[in-house]
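Let me begin by presenting the structure, written as structure tokens, before commenting on it.
The values are calculated or read from the model by the stated rules, or taken from the named source; none is laboratory data. Keep in mind the model is a prediction, meaning the values are calculated, not measured. Cβ: placed from backbone, ideal geometry, glycine included. Neighbour counts: every protein chain shown.
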Amino acid sequence: MDLELGGKQALVTGASKGIGLAIAGGLAAEGCDVMMVARSAADLDRAAEPLRGYGTRIRTHAADLSTSEGIDGLAEAAGDLDLLFNNAGAIPPGGLQAVDDARWRAAWDLKVFGFISLARALYPKLAARGGVIVNIIGAAGETMPPDYIAGASGNAALMAFTRALGKSAPKDGVRVVGVNPGPVSTERLTSLLRVQAERELGDSDRWPELAASMPFGRFASAREVADAALFLASPRSAYTSAAILTIHGGVA
């Protein structure tokens, strides 16, 4: 299926690895010009190099999107824009007493307020071109695990933000959608599972066994999440707004 994305200008945050890198690669393969954003310039350069083989324009921009300076600098550098994929952020696990105020606020500054502030800063550019905002959020906003309380509540807030903005945005020619991935095979998940495997199984190298109870006996791949996000962003999904797609294999 031709997603009709060729020639569009896209921006992806958290693009140096994981789901963000998979989205950037999918966009480049579809013929989009892509701006890849993350904190580390070196990591971005390494991630971007293979994508340049698709022949589209691949730009990188290192920024801390937990700060107003990072948001403003990116908005200025972005240029014309059709597609915004909000993906940056990693909220720490832990219950109420395990995540102190400083860690909680720092995590929300990047993922929750970062998503909101970047959408606000880039909204005029998107409205000028009939653009789309895709928020990569997380299934914990639905399942509410108490041992991931900062992430669960932050994701729930972003789900509400996506639906509320997605209701009003079509009047400006903009669509706003979300994707809620469950566990995805990324470096971050592997590191967390190693800790869990050490605690529960006595051997961090046994972390793949923790997927045995998952649907299909495995975690999702970043590409599976990215492909769904690209479809939602595409003209093939032109009547979709204020909607959130959950990708967890039926685990919940």
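Residues that are aliphatic (A, V, I, L, M), over 13 Å from Leu11 (Cβ atoms) and either surrounded by 15 or more Cβ atoms within 10 Å (Cβ to Cβ) or within 20 Å of the chain's Cα centre (by Cα) (or both) within segment 65-115 comprise Ala90, Ile91, Val99, Ala106, Ala107, Leu110, Val112, listed in sequence order. Considering each residue of segment 204-249, count those that are of a type in the set (Ser, Thr, Tyr), part of a helix (DSSP H, G or I) and within 22 Å of the chain's Cα centre (by Cα), and give that number. Of the residues in that region, 1 qualify. Counting only strands (runs of 3 or more DSSP E) wholly contained in segment 1-107, the ones carrying 1 or more residues that are of a type in the set (Val, Ile, Thr) occupy 9-13, 33-38, 58-62. Contact annotation: residue pairs with Cβ atoms under 6 Å, 6 or more positions apart or on different chains, pairing a residue in segment 140-162 that is closer than 21 Å to Asp100 by Cβ with a partner that is of a type in the set (S, T, N, Q) and buried (at least 19 other Cβ atoms within 10 Å of the Cβ), are Ala140/Asn155.
Screening Asn180, Asn155, Asn135 for residues that are polar (S, T, N, Q) and out of contact with any strand residue (DSSP E or B) (no Cβ under 7 Å at 6 or more places or on another chain) leaves exactly one candidate, Asn155. Of the residues screened, Arg163 is not one that is of a type in the set (Lys, Arg), surrounded by 17 or more Cβ atoms within 10 Å (Cβ to Cβ) and touching a strand residue (DSSP E or B) at 6+ places or on another chain (Cβ under 8 Å). Going through (1) small (Gly, Ala, Ser); (2) surrounded by 22 or more Cβ atoms within 10 Å (Cβ to Cβ); (3) modelled with pLDDT of 95 or more; (4) at negative phi one by one, Ala140 falls short only on (3).
Cβ contacts < 7 Å: first residue under 18 Å from Ser66 (Cα atoms) and among the β-branched types (Val, Ile, Thr), restricted to segment 103-131; second residue modelled with pLDDT of 95 or more and part of a helix (DSSP H, G or I), any location; separation 6+ or different chain. Result? Sorted first by the residue in segment 103-131, then by its partner, the pairs are Val112/Gly154; Val112/Ala157; Val112/Leu158; Ile116/Phe161.
Taken as a whole, the condition of being under 19 Å from Ala233 (Cα atoms), among the small types (Gly, Ala, Ser) and surrounded by fewer than 21 Cβ atoms within 10 Å (Cβ to Cβ) applies to Ala29.
Looking for whichever is in a helix (DSSP H, G or I), modelled with pLDDT under 95 and either under 21 Å from the mean Cα position of the chain (by Cα) or among the polar types (S, T, N, Q) (or both) here; the options are Leu189, Leu122, Leu158. Which one fits? It is Leu189. Can you say whether Glu200 is out of contact with any helix residue (DSSP H, G or I) (no Cβ under 7 Å at 6 or more places or on another chain) and within 21 Å of Val177 (Cα to Cα), as far as the supplied structure shows? When the stated conditions are applied, Glu200 does not pass them.
Whether a residue is surrounded by fewer than 24 Cβ atoms within 10 Å (Cβ to Cβ) and either over 23 Å from Ser185 (Cβ atoms) or in contact with a Gly (Cβ under 9 Å, 6 or more places away or on another chain) (or both) was assessed, and Leu21 does not pass this test.
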